[in-house]
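Student: Let me begin by handing over the structure; questions about it come next.
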Amino acid sequence: MGIKVVKFGGSSLADANQFKKVKNIITSDMERRYVVPSAPGKRFSDDIKVTDMLYKCYEIASKDEDFSEIFEKICHRYNEIIAELSLDLSLEDEYKKMWTDFKNHMGRDYAASRGEYLNGIILAKYLGYKFIDAAKVIHFDEKGNYDDEKTMEYMAKYLSDTDRAVIPGFYGITPNDTIKTFSRGGSDITGSIVAKAVMADIYENWTDVSGFLMADPRIVKDPKPIKYITYAELRELSYMGATVLHEDAIFPVRTSGIPINIRNTNEPSAPGTMIVAGGEGANDYVITGIAGKKGFCSVTLEKDMMNNEVGFGRRVLQVFENHNICFEHIPSGIDTMGVVVRQEDLEKNKESIYKDIQAKVNPDSISLVKDMSLIAVVGKGMVSQIGTASMVFKAISDKGINIRMIDQGSCELNIIIGVDEKDFDTAMNAIYDAFVK
Ligand code: ASP
């Protein structure tokens with residue numbers, strides 16, 4: 001029998017009704033053997049995620065103020081699920097321990113981790129699966145970095161004779177027995193780690209959308225779903241703002257070539273998106289997706305004979321490094337060079353950056369292109385297709401939009417263009433229409 005690791009996000013486990021859907025999904029396929037739950041998420045748009053309630057509660061507790069009201073609300077969320085599922089389970093002892101631990105300032109990460117911990121206990125009971133505390137199997141080192149070697153060792157120890165288990169997402173333990181969490185949304189990473197550990201055939205990540213869409217639905221109306229996407233394409237799209245899966249969740253499975261399937265708990269019959277190494281499956285369009293972000297600017301330098309000045313680029317970038325600023329792109333001409341950075345990073349230290357650039361490379365002029373948005377058109381198929389770039393540019397110029405910057409990634413996986421923020425939505429739609437309609 002194959003092995004599937006299934007991770008369910010917060011909205012998939014927000015209340016008893018969602019738990020029922022989750023159980024149906026799991027029991028409909030016997031290969032779904034290892035389950036990673038998030039904490040209960042939002043039940044309706046104004047609702048508060050349990051994780052956020054826990055952070056709030058701990059903040060109050062750490063000031064030694066009365067945190068009972070919010071603490072009770074948290075317990076109530078779980079008790080309601082237990083009651084509605086008619087489970088023979090009481091978490092009262094767990095709540096008592098949590099209460100004392102909060103009073104004793106056990107740590108913010110510890111507090112947040114209780115969301116998935118308690119949800120895991122309930123889900124394990126409901127499914128009749130073994131519960132394995134993530135603090136037993138997910139390890140971090142003294143510096144707080146995830147320790148894969150130790151984790152794999154403990155996973156093997158705990159899971160080798162357990163063919164069905166629930167392992168809560170989001171947290172693990174450090175060598176001095178302190179609970180530590182991944183960054184927000186980190187249950188996705190736990191799922192990926194478990195998939196690697198049990199050498200799963202597939203890592204199914206169940207959420208509330210039917211996979212990745214070719215563009216942000218807040219900008220492009222009814223974008224088509226992406227059937228297949230490679231890990232590399234996904235990196236490009238997530239970096240530029242597509243947020244269905246935690247950015248770091250691909251690393252554990254990527255090395256083992258385990259595909260990730262993004263699925264929708266509320267629409268289990270939809271195939272969702274398959275995230276693969278490459279080669280498998282085909283999409284219907286030349287491009288895989290479009291994503292973009294606002295808030296960039298380009299610092300443009302001009303200097304006669306710049307191209308002959310060895311080390312010019314390095315010295316310019318050194319100035320940004322000294323100010324702890326990452327650059328996004330460096331489009332350049334013979335005697336010009338632009339450095340694209342986040343506008344808010346530049347604004348904070350603009351005067352001293354300009355002064356340092358002046359001192360280091362003495363340019364003839366420095367100018368600034370502000371309020372720029374970057375749009376990434378991503379697709380591995382673009383490499384072999386003549387004319388993709390011209391389609392992108394034509395789509396934009398037909399709308400009378402001026403392109404401020406162009407950059408093609410060196411592996412031809414993407415074309416990045418910069419346009420004024422005010423033109424962002426129009427440009428996104430124009431590109432989408434050119435390729436999809
Ligand atoms: N519950 C955590 C969060 O809200 C982790 C997760 O859901 O993945 O960020």
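The values are calculated or read from the model by the stated rules, or taken from the named source; none is laboratory data. Note that the structure is predicted; figures quoted are calculated from it, not measured. Note that each Cβ is placed from the backbone with ideal geometry, even for glycine, and that neighbours are counted across all protein chains shown. Side chains are part of the model used for accessible areas, which takes the heavy atoms of the whole protein and leaves out ligands, DNA and RNA. Shrake-Rupley method; radii C 1.70, N 1.55, O 1.52, S 1.80 Å.
Student: Scan segment 76-98 residue by residue and report those that are among the acidic types (Asp, Glu) and surrounded by 11 or more Cβ atoms within 10 Å (Cβ to Cβ). Before you say what the answer is, go through the steps one by one.
Tutor: Residues of segment 76-98 among the acidic types (Asp, Glu): 80, 84, 88, 92-94.
Within segment 76-98, Glu80, Glu84, Glu94 qualify.
Student: Here's something else I'd like to know. Going by the structure shown, is Ser62 within 13 Å of the ligand (Cβ to nearest atom) and either among the small types (Gly, Ala, Ser) or more than 22 Å from Tyr158 (Cβ to Cβ) (or both)?
Tutor: When the stated conditions are applied, Ser62 does not pass them.
Student: Select, from Lys150, Lys56, the only residue that is under 29 Å from the mean Cα position of the chain (by Cα), more than 22 Å from Ala195 (Cα to Cα) and either within 16 Å of the ligand (Cβ to nearest atom) or in a helix (DSSP H, G or I) (or both).
Tutor: Lys56
Student: Pick from Asp47, Asp64, Asp15: which is open to solvent by less than 90 Å² (accessible area, probe 1.4 Å), out of contact with any helix residue (DSSP H, G or I) (no Cβ under 8 Å at 6 or more places or on another chain) and among the acidic types (Asp, Glu)?
Tutor: None of the others qualify; the one that does is Asp47.
Student: Among the residues of segment 20-31, are any more than 13 Å from Gly120 (Cα to Cα) and within 16 Å of the ligand (Cβ to nearest atom)?
Tutor: No, segment 20-31 contains no residue that is more than 13 Å from Gly120 (Cα to Cα) and within 16 Å of the ligand (Cβ to nearest atom).
Student: Taking Tyr126 as meeting all but one of (1) touching a residue at least 60 places away in the same chain (Cβ under 8 Å); (2) surrounded by 14 or more Cβ atoms within 10 Å (Cβ to Cβ); (3) within 16 Å of the ligand (Cβ to nearest atom), write down the number of the exception.
Tutor: Failing condition for Tyr126: (3).
Student: While we're on this one: Exactly one condition in (1) open to solvent by 50 Å² or more (accessible area, probe 1.4 Å); (2) in contact (Cβ under 8 Å) with a residue 12 or more places away in the chain is not met by Lys348; state its number.
Tutor: Status for Lys348: all satisfied but (2).
Student: Which one of Ile193, Ile122, Ile219, Ile189 is of a type in the set (A, V, I, L, M, F, W, C), in a loop (DSSP other than H, G, I, E, B) and touching a helix residue (DSSP H, G or I) at 6+ places or on another chain (Cβ under 7 Å)?
Tutor: Ile219
Student: Residue under question is Phe140, and the condition is that it be within 16 Å of the ligand (Cβ to nearest atom), in contact with a strand residue (DSSP E or B) (Cβ under 9 Å, 6 or more places away or on another chain), among the aromatic types (Phe, Trp, Tyr) and open to solvent by less than 60 Å² (accessible area, probe 1.4 Å); does it hold?
Tutor: The answer is yes for Phe140.
Student: Here's another thing I want to ask about it. Name the residues in segment 1-19 that are assigned to a helix (DSSP H, G or I) and more than 13 Å from the ligand (Cβ to nearest atom), would you?
Tutor: Selection gives Ala16, Asn17, Gln18, Phe19.
Student: Within segment 177-234, restricting attention to residues that are within 16 Å of the ligand (Cβ to nearest atom) and among the small types (Gly, Ala, Ser), which residue is surrounded by the fewest Cβ atoms within 10 Å (Cβ to Cβ)?
Tutor: Just the residues of segment 177-234 that are within 16 Å of the ligand (Cβ to nearest atom), to begin with: 179-195, 203-209.
Applying the additional criterion that residues be among the small types (Gly, Ala, Ser) yields 183, 185-187, 191-192, 195.
On the way: Ser183: 10, Gly185: 20, Gly186: 22, Ser187: 31, Gly191: 33, Ser192: 28, Ala195: 29.
Within segment 177-234, the match that is surrounded by the fewest Cβ atoms within 10 Å (Cβ to Cβ) is Ser183.
Student: Go through segment 390-417 and give me each residue that's open to solvent by less than 20 Å² (accessible area, probe 1.4 Å) and modelled with pLDDT of 95 or more.
Tutor: Ala395, Ile396, Ile401
Student: Starting from residues that are among the hydrophobic types (A, V, I, L, M, F, W, C) and open to solvent by 30 Å² or more (accessible area, probe 1.4 Å), keep the ones in segment 99-120 and report whichever is nearest to the ligand (Cβ to nearest atom).
Tutor: Looking at the filtered set, the residue picked out is Met106.
Student: Then there is this: Take Ala359 and tell me if it is farther than 20 Å from Lys294 by Cα, of a type in the set (A, V, I, L, M), free of Cβ contacts under 8 Å to residues at least 12 places away in the same chain and assigned to a helix (DSSP H, G or I).
Tutor: Values: farther than 20 Å from Lys294 by Cα: yes; of a type in the set (A, V, I, L, M): yes; free of Cβ contacts under 8 Å to residues at least 12 places away in the same chain: yes; assigned to a helix (DSSP H, G or I): yes.
Taking the combined requirement at face value, the residue satisfies it.
Student: Between residues in segment 26-42 that are free of Cβ contacts under 8 Å to residues at least 40 places away in the same chain and more than 20 Å from Phe170 (Cβ to Cβ) and residues that are more than 10 Å from the ligand (Cβ to nearest atom) and assigned to a loop (DSSP other than H, G, I, E, B), which pairs lie under 7 Å by C-beta distance while being six or more apart or on different chains?
Tutor: Pairs found: Met30/Met1.
Student: Name the single residue, out of those in segment 155-169 being of a type outside the set (S, T, N, Q) and surrounded by fewer than 19 Cβ atoms within 10 Å (Cβ to Cβ), that is nearest to Gly9 (Cα to Cα).
Tutor: Here is the first cut: in segment 155-169, the ones of a type outside the set (S, T, N, Q) are 155-159, 161, 163-169.
The next check asks that each one be surrounded by fewer than 19 Cβ atoms within 10 Å (Cβ to Cβ); those that pass are 156-158, 161, 163-164.
Numbers: Ala156: 25, Lys157: 26, Tyr158: 24, Asp161: 26, Asp163: 22, Arg164: 19 Å.
It comes out as Arg164.
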